[in-house]
Amino acid sequence: MNQKTTDFVLDHPRLIFLVVLLLTLATAALIPLIQIDTDPENMLPESQSERVFHNTVKQRFNLHDMIVVGAVNGSAQGIYNPESLQALLSVANQIEQIKGVIDYDLMALSHVDNIVQEGPGTIRFEWLMKKPPQDQESADLLASYVDRLPLLNNTLVSADHKATSIYVPIADKNESHRISQDIQRIIDSVKSPDDYHITGLPVAEDTFGYQMFVQMGISAPLAGLMIFLLMWYFFKNLKFIAAPMIVAMSTVIVVMGAMIGMGYTVHIMSSMIAIFLMPIAVVDSIHIMSEFVEKYQPGANRRSVIKEVIADLFKPMLFTSITSSVGFFSLMLTPIPPVQVFGAFVGFGIILAFVLTIVFIPAYLIVLKESSLSSLQDIHHSRSRLSGAIKKLGQFSVANSWAVTAFFVVVMAISVWGIMKIQINDNPVRWFKQDHPIRVADQVLNEHFAGTYDAYLVLSSNQQDVQTDFEQQLTAVQSDRLSQWSAGADPSLGFKEQLDDWMNRAEDELFDATSDEQISQLEDLIGQLEVAQQQLAYFKSPSGLQQLIDLQQALADSGLVGKSNSLADVVRTVNRELQGGDAEQFRLPATQAGVAQTLLQYQSSHRPHDLWHFVTQDYSETVIWVQLTSGDNQDMTAVVDYLDEHIANEPVLAELDINWAGKTFLNKVWQEEMVAGMGMSLLSAFVVVFVMMVLLFRSLLFGLLAMLPLTLTISFIYGLIGWLGKDYDMPIAVLSALTLGLSVDFAIHFIQRARDLFAEHQDFAVTMKLMFAEPAAAISKNAVVIAIGFTPLLFAPLVPYITVGFFLATIMAVSALVTLMMLPAMLKILNKWTLR
Amino acid sequence: MKTILMILMFVSAMSNAASGTDVAMIIERANLASFYAGDDGRSDARMIIVDAKDNKQMRQFVILRKDLEDGGDQRFLVVFSRPSDVKNTVFLVHKKVAEEDDRWLYLPALDLEKRISASDNRTSFVGSDFFYEDVSGRNTGYDEHQLVKEDEQYFYLTSTPKDPDSVEFAEYSMHIDKATFLPMLIEYRDQQGDVYRRVEVVEVADVQGHATVMKSKVSNLKTGGYTLLEFRRPAYDLGMEDDVFTIRSLRNPPKNWLNAQ
């Protein structure tokens, strides 16, 4: 069949060029539709329960994405001096004016309320810092105020008084880049003795998006250039190597265009598609061209040489393309959408590259002028320096087959040991390089404050018992009235909403009621509704609030969190001031009414809406805002595990529904999904590739042999990661499955060629000698192309790219080496059963 | 006597309006119409605080008022009845034109009587979108007022604060009804000139000859929330005693005045 295809291609080269050109142009036209997605949240599917819950919580408690601006003053005096505070006020007031900033939720010393004692029996409510202090004395007074306010202390001003922060809530995180630039301009225009830093997840994400463009715009073309230079080194013929470059370019353009055209956003993973496809796409061409160069003599029938080369290489190329794509397709088994998209389109790209190679390269070679090919005669790549080293390597392996095998067994054992030491961890802020301003800000601010990483512990009280109680207490008349009221109402309303609805009806009727009987009836009903509402309002009760305090204490005791803030802190602070301000008054009122009246005071402030960041309006759900100094998944996991254990040991907490939300928590979730998903995809890719190997070689033993080098390589790499103490993070996780698909190529070519040669010569020694001439050289050449093709990633601005570049290059080199050492050794040892 | 004076002033205000009214007079009349009807008064009140997601909170209270002087100092007593957990919470205010108001608070569950001092009057009234100042009346001398235009129905005024640092708005505009002198619409603008807060009169009724706001609404255009304030059973000139408005009433609110008259 492929004969016919090749004939057709050779007969209609111009048609092939036209089709490839049109396909490329058509897909290229879709690329401008590109949409960048930098939201780490999208690592989880939109329907993922934790993500849905996180967003519900965000909505319910009006939690916005925050840019964090920090000012640090290293002097002994710290941040509490008139000059620093004057600057802070000016910066905060200007930030408030920026379009897109949710000004009423902005948090800064100048934008929050203070509650203080003003002589006996009098309390004073005022802006904490409406005007900047004029002298040191008033600055110190301000310090003493903040130290008394647990919600602000170590959140708005660090405990060491060296730093202060402005939390800037923004309506749309896609605007964070512009807003953070505006903030920077404001900071630059204000004279301040302090160092200002801007951080926060929205800024990180946005900067990330920008860096992704840089990567795609620089690293991918660089990879192209690198491959071009390598091929120039191998073939020294411009017109000749233009063909694989065209194949690589078309592949990248078609795949990116198709992906963008199908509406997929470009995420950190898919931004690497180009750089992945480029080296892989030229590999098949290199095989064809190497073989062509070997076989072609001037004046020979070019057509028959091409047909011969294609016939020789079709099967191994098809299989290596399929195995490589299987490695990438297996990524679709991970539950991480960006990884799935990446896997799907790189897999598709590899198949496309194979097809393009099969049709385009022959068409190109056939139309090439005779003179253009003349220089190829000087190249005989089996004579290169690389080949000399490879040859020695092969001889060594065959001569010391048992020693080589023993060596690999030891390496394997050490690798497995290393794998056990692997630390699973990730942190999107660490995707930036160490000296990036965001990393610096992150480090500086978390040194001073209780943490800029947020997680939310969400508690819901049990409603079922309240509902049952309420229904049992109703008289028949009341029941009737309620069902009458409910008749027209939305049947999907929950009990809480129903209560509200009934209450409003009852209030309305009572407000207008005239007869005494009517009034007393309604008042009875309202009384009962209120009892139910009070019972639902569990977090208005002292016992409910006490549970918050206990949980916060547990979090503090764990030593894992910087600080936590809750409704209980609000209530205790206001209560203390109402009761005269002494430290021992920092406690909960004795009754629910006491709490309600305390909160009524809190709400009589400039920022009444602040309350609803902590509790729902019915007080049945509440949030403990947990600040962490580290965004590492590992640290979040430790907190979650610690609390799980604590909850399990506290029977009272079993009554409550306790869940986590917040970006730091979501990161932990997708990290875990990733690890589990990668295990799955690695396993399935392994099985699929193994089955394919058995089918290809029609031999279980050869199938196993083909899997050996890559098994060792992957184990070695992950063992190395374990020993080096490098965190197993997203890029590292993705590597496993895809290297499997790439590195098996070497084994396929090696075994296929070895068997062919053995069939021809029927002698093991001769086979090995010949193997380490042309075939081993081609294998190592390919390894070099792929390895070097990925090295431009080392210059990328973001750490994950660098990691991928470094490890892929290493993996290619190691796996080629292992293939060329291990397979000869194993073939020799298993001589009796293999090559005979 | 007082009513006659009012009518005289009202008529004079009307005639002035026709011939380019003095702004100060309009403001004065609006202040009286909004906050000084009768010598004293009471009303049941209910606030429904609605947020952007349609969550509702309710506050129900009785408000008692006695004027010491029209357009001058006043006394207010606010006694909460619902939600039941804040029942009998009491605010007492001695509003003073020339100086800072005196304010007291009683929280029954804590059995706590407190004097309150506030840096400004633009804090939320018990968590609603109304400011303390919206309920007690903003001192007319705090702003520069300008009559922008008038038509058959309204005077259109724009006011700017004399001390911009003390308030969150850059300016506000009022539509003052020519017939009743009630400001039917007040819109507050920020530094950018955008309206972010709106106070509307929704319903007016005649009570003992006084055009009385029965329902008003404050919208916070930033948060998307709003608060409805409804009055029921208002009554004026009841002859309330002075001692209704002393701190003794904090613990023992005057039951007879709390009930509808």
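Derivation of every value follows stated rules applied to the coordinates shown; laboratory data play no part. From a predicted model like this one, the values you see are computed outputs, not experimental measurements. All Cβ positions, glycine included, derive from the backbone under ideal geometry; neighbour counts span all protein chains shown.
Things worth noting here:
- Trypsin sites (Lys or Arg not before Pro) lying in DSSP loop within region B:153-212, provided at most 11 other Cβ fall within 10 Å: B:Lys162
- Between B:Ala24, A:Ser461, B:Tyr154, the Cα set farthest toward the positive side of the dipole of the protein assembly as shown (charges on each charged residue's Cβ, about the Cα centre) is that of A:Ser461.
- Calculated FRET value between A:Ile414 and A:Asp557, using beta carbons and R₀ = 41 Å, to 0.05: 0.55
- Under Karplus coefficients 6.51, -1.76 and 1.60, residue-wise ³J(HN,Hα) of region A:741-757 in Hz, glycine/proline x: x, 7, 7, 5, 3, 4, 5, 4, 4, 4, 5, 4, 5, 4, 5, 4, 5
- The trypsin sites (Lys or Arg not before Pro) of region A:26-109 that meet both conditions, a loop assignment by DSSP and at most 16 other Cβ atoms within 10 Å of the site Cβ, are A:Lys99.
- In order along region A:284-298, the phi-based Karplus estimate (6.51 cos²θ - 1.76 cosθ + 1.60, θ = phi - 60°) of 3J(HN,Hα) comes to 4, 4, 4, 4, 4, 5, 4, 4, 4, 4, 4, 8, 7, 10, x Hz; Gly and Pro are listed as x.
- Taking label points 7 Å from Cα along the Cα-to-Cβ direction, A:Glu308 and A:Ser684 give a separation of 4.4 nm.
- Extended-chain gain in nm, criterion 0.36 nm per residue less alpha-carbon gap, A:Gln478 and A:Leu794: 106.4 nm
- FRET efficiency, B:Glu203 to A:Met262 (Cβ-Cβ, R0 56 Å, nearest 0.05): 0.50
- Long-range amide H partners of A:Gly562 with built H, under 5 Å: A:Gln627, A:Leu628, A:Thr629
- Farthest positive-ward along the protein assembly as shown dipole, Cα basis, beta-carbon charges - from A:Phe53, A:Thr24, A:Phe432: A:Thr24
- Computed about its Cα centre, the charge dipole of region A:464-536 is approximately 200 debye, with only Lys, Arg, Asp and Glu carrying charge at their Cβ.
- Separation of the alpha carbons by more than 32 angstrom is noted, of A:Lys563/B:Lys87; A:Lys726/A:Lys781; A:Lys131/B:Lys66; A:Lys726/A:Lys769; A:Lys99/A:Lys540; B:Lys114/B:Lys255, for A:Lys563/B:Lys87; A:Lys131/B:Lys66; A:Lys726/A:Lys769; A:Lys99/A:Lys540.
- Coil-residue GluC sites (Glu not before Pro) of region B:116-186, DSSP, other Cβ within 10 Å capped at 16: B:Glu152
- Positive-end residue, the protein assembly as shown charge dipole about Cα centroid, Cβ charges, pick of A:Leu808, B:Ser84, A:Pro150: A:Leu808
- As a proxy for reagent exposure, ranking A:Ile647, B:Ile49 by other Cβ atoms within 10 Å from fewest up yields A:Ile647, B:Ile49.
- Likely footprinting exposure, A:Val766, B:Val86, A:Val615, fewest C-beta neighbours within 10 Å first: A:Val766, B:Val86, A:Val615
- Multiplying the residue separation of A:Ala406 and A:Ser47 by 0.36 nm and removing their Cα-Cα distance gives an extension gain of 124.3 nm.
- Label-point separation, A:Glu471 to A:Lys239 (7 Å along Cα→Cβ), nm: 8.8
- Lys, Arg +1 and Asp, Glu -1 on Cβ, resulting dipole of chain A about Cα centre, debye, nearest 20: 6840
- Residue order, fewest to most surrounding Cβ atoms within 10 angstrom, among A:Ile350, A:Ile721, A:Ile658, B:Ile48: A:Ile658, B:Ile48, A:Ile721, A:Ile350
- Aspartates and glutamates whose Cα lies under 14 Å from that of B:Lys96, excluding same-chain neighbours fewer than 8 positions away: B:Asp67, B:Glu69, B:Asp70, B:Asp73, B:Asp120, B:Glu133
- Computed E for A:Gln117/A:Arg587 - FRET, C-beta separation, R0 30 angstrom, nearest 0.05: 0.95
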